[in-house]
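What follows is a single structure, written as structure tokens, with notes after it.
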Amino acid sequence: MTKKNYSFLQHICLCLALCGTLAFGCTLSGCDLPFPLSGTQSASSDAQVAEDAGTYFDTVIDIRVYGADAKKLLKGCFSICEDMENTLSAQKESSELYHLNHRSTDSVTVSDDLSECIRQGLAYGAMSDGAFDITIYPVKELWDFEGDTDNPVIPDDESIQKALQKVDYTKVHVNGNTVTFDSPDTMIDLGGIAKGYISLKLKNYLKENGCTSAMINLGGNVSVLGAKPDGSPFVVGIQKPFADRGEVLTTVDAEDESVISSGVYERYFKKNGKLYHHILDPKTGYPADTSLNQATVIGSDDVLGDALSTICILLGEEKAEKLIRDNNLAVTVLFTDTDNQVTRYPEEAGNTVSSSSVPVSG
């Protein structure tokens, strides 16, 4: 058992406490159906499965691995998760990114993982014309979506405008393993891209070690390697916004791809009848208001899926579709509006999507 991992019995209790219903394996915005409850067991006559859950990146994650070395590979996956949290977390004071944000020089040599994640974050900033900006951290620090939701505090506009002066992804430069900042006030947050980077790293690790079937759920970022051992696709449930945890809006058949959702219902509060959520517009400093409850990106690139799901919320459906067309992105996107009605783009995409509004029961 790795550091901070729960036993599966503890995880069931946690799901019950959070959801009010048992929807095991369904955390945040994604789930696979069904999710076996035991440790290592026989999935079929010729396949073994190992599975575990833990808390990393401020969320409960689930990983299931099939194959002869499933138990060993699962342990390796959680070791990678711990390493990545110690590398990419902006909040953990011992992490590499935290030290980068609290640097004493303009140029800092960083690890391969941190430099690559920052490089890709900057690329998506350029692609979205700044809608996706990894330097949003000074603004993000002003908002508290996890505190007293009965009496939430909205940051004053003067503080937001002051923090916005520190937000500009073009002031960060990556050359090999050297990150250079034009301003000492610039701070990086990789929350919109890190889980996609990590799930892709996990899949590559599994592939390199001969695994051909696995399901990785990093708090709603669901990524699957191959198909299930019996050849059938994994079935990924997409959370119905603002409904009980485990109540799915729709399901997606997935093979060797990721199903990644961003939603305004994940962390939010209401004040004077208005909804304030955690997806902050780097141009205004306030939560994005684009008439979308959720965006789900289906595709083979986990990093793209993670960044693009956030970009879709920030841009809105029409501008997001234009960005996808202009950049020839090989993805399917499910846009969920404020009435929880789903629009699929492009309409002719080949993924199997099924309508559903019933609780997941495994």
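Some observations on this one:
- The order of Thr251, Thr59, going from fewest to most other C-beta atoms within 10 Å of their C-beta, is Thr59, Thr251.
- Residues Met215, Met127, ranked from the fewest to the most other C-beta atoms within 10 Å, line up as Met127, Met215.
- Hypothetical label at Phe145: residues of the range 268-307 whose amide nitrogen lies under 11 Å (7 Å Cα-Cβ projection): 268-269, 276-281, 287-288
- Overall shape: oblate for the range 125-253, with the ratio a/c of the largest to smallest alpha carbon gyration tensor axis at 1.5 or above and b/c at least equal to a/b.
- Mean Cα-pair separation over length for the range 61-158, i.e. relative contact order, pairs under 8 Å, 6 or more apart, %: 11 percent
- The fewest-to-most ranking of Arg267, Arg64, Arg325 by surrounding Cβ atoms within 10 Å reads Arg325, Arg267, Arg64.
- Peptide packing: for 147-156, 105-114, 297-306, the average count of neighbouring Cβ atoms within 10 Å per residue gives the ranking 297-306, 105-114, 147-156, highest mean first.
- Mean Cβ count within 10 Å, highest first, over the residues of peptides 331-340, 174-183: 331-340, 174-183
- Taking θ as phi - 60° and the Karplus parameters 6.51, -1.76 and 1.60, the scalar couplings of the range 309-317 work out to 4, 6, 4, 4, 5, 6, 8, x, 4 Hz in sequence order, x denoting glycine and proline.
- Packing around the peptides 216-227, 66-77, taken as the average count of other Cβ atoms within 10 Å per residue, puts them in this order, highest first: 216-227, 66-77.
- DSSP-assigned coil residues among GluC sites (Glu not before Pro) in the range 127-227, each with at most 11 further Cβ atoms within 10 Å: Glu146
- Couplings 3J(HN,Hα) for the range 72-85, derived from phi with the Karplus relation 6.51 cos²θ - 1.76 cosθ + 1.60 (θ = phi - 60°), are 5, 5, 4, 4, x, 4, 5, 5, 5, 4, 5, 4, 5, 5 Hz, where x marks Gly and Pro.
- Relative contact order for the range 117-253: 17 percent, from Cα pairs under 8 Å spaced at least 6 residues apart, divided by residue count.
- Local electrostatic count at Ile136 - Lys and Arg +1, Asp and Glu -1, tallied over other residues with Cβ under 11 Å: -2
- Taking a ≥ b ≥ c as the square roots of the eigenvalues of the Cα gyration tensor, the range 157-202 is oblate, since a/c reaches 1.5 or more and a/b is not larger than b/c.
- Once backbone amide H atoms are built at 1.01 Å from N, Lys228 has Phe234 as its partners under 5 Å, excluding neighbours fewer than 5 places away on the same chain.
Every number in this text was worked out from the coordinates using simple rules, so none of it is lab data. Because the structure is predicted, anything quoted here is derived from the model rather than measured. Positions of Cβ are backbone-derived with ideal geometry, glycine not excepted, and every protein chain shown enters the neighbour counts.
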